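Here the structure is laid out as structure tokens; the discussion comes afterwards.
The values are calculated or read from the model by the stated rules, or taken from the named source; none is laboratory data. Only a predicted model underlies this, so the values are computations on that prediction, with no experimental measurement involved. Cβ placement follows ideal geometry from the backbone for every residue including glycine, while neighbour counts extend to all protein chains displayed.
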Amino acid sequence: MSSATANNTTRVFRVVGLPGDGVGPEVYQSACQVLAVMDELFNLPIELDGQLIGGAAVDATGTPLPQATIDACKSADAALLGAVGGPKWDNHPAEQRPELGLLKIRAEFNLFCNLRPIVTHPALQAFSPLRPERLIGVDLMMVRELTGGIYFGKKWRDANQAEDVCRYTRSEIERITRAAGALARQRKGRITMVDKANVLETSRLWREVVSQVLEDEFPDVSLENLLVDAAAMHLLTRAADFDVMLTENLFGDILSDEASMLCGSMGLLPSASLNEDRFGLYEPIHGSAPDIAGQGKANPYAMLLSVAMMLRHSLDRADEADALERSIHQCWDEGILTPDLVPGGCSTARVTEAVCERLKPG
Ligand code: NAD
């Protein structure tokens, strides 16, 4: 998409579009429509370069992350992903599993910093399994280290034993702490670091490095330490007390899914995975939802909120990100919701149209 309204001084952003599988292409289509309208309204020229990932890539090329996709990302400002996976590829060999495409793209582009904003909205409180009084004022940012720890450590297994090594280096912890510190500074200035320092040596290193980096470089940011078992409980009892929650890969994986329930539906939560050059992979947290794929009822809000994150974190267009979020919140206030939230709810296309209609400069 290139803008007819773009003048010579307007930078054209390059974004790799990765629709993927299942509902991925449906919510990706919604993002394309919204970006086209935003280009007209805000002079936001984005060149979308559609590429393959996941099962669609396996079918077309035999691999879940083709070289063409990697090459396209190398010269792009950001990538926008729908979702990957589905029963069709469940019995494929390990190197042809769609999810491997995701792990590979994270490793290839060093996407070490995973962000998941958890913000409750009054119009959606009824959809959370938690009591409404526990949801008031929740606005926390989960910062998860994404390329280290036990998921990437040495692994082996024989008939009777198995081992997964959890390893972290000082520099891996320093760079994610700096990312969390910078975010905390733009927010309420508080970091809660989650670990298991009463048992794990890696957690003790995390504690030492995080407190050192914050003391030296972010003296204005406060630090609270919480053990992961306690954090799991506190997220359900006092989520509104948290600002930035910083943690390692495994704990972040589990806690961010738990925290997503504060908001009510998988279809509502965006995410960003960033590297040190501000290139980011933006995607909804949900999967390919094969049970509803092709029916036009996928919830596109998580994808559209991922677009807002992309505008803010990789494209430096915070005002436009705010405008998109305002339009989404207005739709929520008006009850424009998909069938995963309300029986007989609106289609993906109707929600997309409604978001576009409410977009206006701030
Ligand atoms: P899922 O997130 O796809 O679906 C879980 C439930 O949430 C389903 O009932 C689904 O209908 C619903 N749901 C998910 N997204 C929705 C949306 N946008 N609108 C409305 N309802 C939505 O998780 P799953 O069923 O465990 O996994 C399905 C496939 O997705 C698997 O192959 C899995 O490996 C893959 N997966 C991919 C990603 C990713 O691409 N990042 C993440 C998780 C799972």
### Query
Which one is surrounded by the fewest Cβ atoms within 10 Å (Cβ to Cβ) among residues in segment 211-239 that are touching a residue at least 12 places away in the same chain (Cβ under 8 Å), among the charged types (D, E, K, R) and part of a helix (DSSP H, G or I)?
ASP229
### Query
Among LEU44, LEU18, LEU65, which is in contact (Cβ under 8 Å) with a residue 60 or more places away in the chain and over 18 Å from the mean Cα position of the chain (by Cα)?
LEU44
### Message
Is it the case, given these coordinates, that THR69 is among the hydroxyl-bearing types (Ser, Thr, Tyr), at pLDDT 95 or above and within 16 Å of the ligand (Cβ to nearest atom)?
### Response
yes
### Task
Select from segment 251-261 the residues that are buried (at least 19 other Cβ atoms within 10 Å of the Cβ) and either within 16 Å of the ligand (Cβ to nearest atom) or closer than 13 Å to MET141 by Cα (or both) and list them in ascending order.
GLY252, LEU255, SER256, ALA259, SER260
### Unmet requirement for ASP59, which otherwise passes all of (1) touching a Lys or Arg at 6+ places or on another chain (Cβ under 9 Å); (2) touching a residue at least 12 places away in the same chain (Cβ under 8 Å); (3) farther than 22 Å from ARG312 by Cβ
(2)
### Message
For segment 137-190, which positions are part of a strand (DSSP E or B) and either under 16 Å from MET245 (Cβ atoms) or charged (D, E, K, R) (or both)?
### Response
ASP139, LEU140, MET141, MET142, VAL143, ARG144, GLU145, LYS155, ARG157, GLU163, ASP164, ARG190
### Query
Which residues, counting only those in segment 186-198, are surrounded by fewer than 17 Cβ atoms within 10 Å (Cβ to Cβ), within 20 Å of the chain's Cα centre (by Cα) and in contact (Cβ under 8 Å) with a residue 12 or more places away in the chain?
ARG187
### Query
What is the number of the single condition among (1) farther than 20 Å from VAL16 by Cβ; (2) in contact with a Lys or Arg (Cβ under 8 Å, 6 or more places away or on another chain) that GLY344 does not meet?
(2)
### Query
Listed residues GLU163, GLU174, GLU201; which is within 23 Å of SER314 (Cβ to Cβ), outside the structural domain of VAL342 (by TED's automatic domain parsing) and surrounded by fewer than 20 Cβ atoms within 10 Å (Cβ to Cβ)?
GLU174
### Query
Which residue out of ALA56, ALA36 is farther than 16 Å from GLY280 by Cα, of a type in the set (Gly, Ala, Ser) and more than 16 Å from the ligand (Cβ to nearest atom)?
ALA36
### Task
May I ask you to say which residue of ALA302, ALA308 is outside the structural domain of GLU172 (by TED's automatic domain parsing) and either surrounded by fewer than 18 Cβ atoms within 10 Å (Cβ to Cβ) or within 11 Å of the ligand (Cβ to nearest atom) (or both)?
ALA302
### Task
For segment 118-133, state whether one or more residues are assigned by TED's automatic domain parsing to the domain that holds LEU341, assigned to a loop (DSSP other than H, G, I, E, B), within 28 Å of GLU26 (Cα to Cα) and within 16 Å of the ligand (Cβ to nearest atom).
no
### Query
Are there any strands (runs of 3 or more DSSP E) wholly within segment 1-116 with 3 or more residues that are more than 24 Å from TYR151 (Cα to Cα), and if so which?
13-20, 46-50
### Summary
Filtering segment 273-295 down to residues that are touching a residue at least 40 places away in the same chain (Cβ under 8 Å) and within 11 Å of the ligand (Cβ to nearest atom) yields SER273, LEU281, GLU283, PRO284, ILE285, HIS286, GLY287, SER288, ALA289, PRO290, ILE292, ALA293
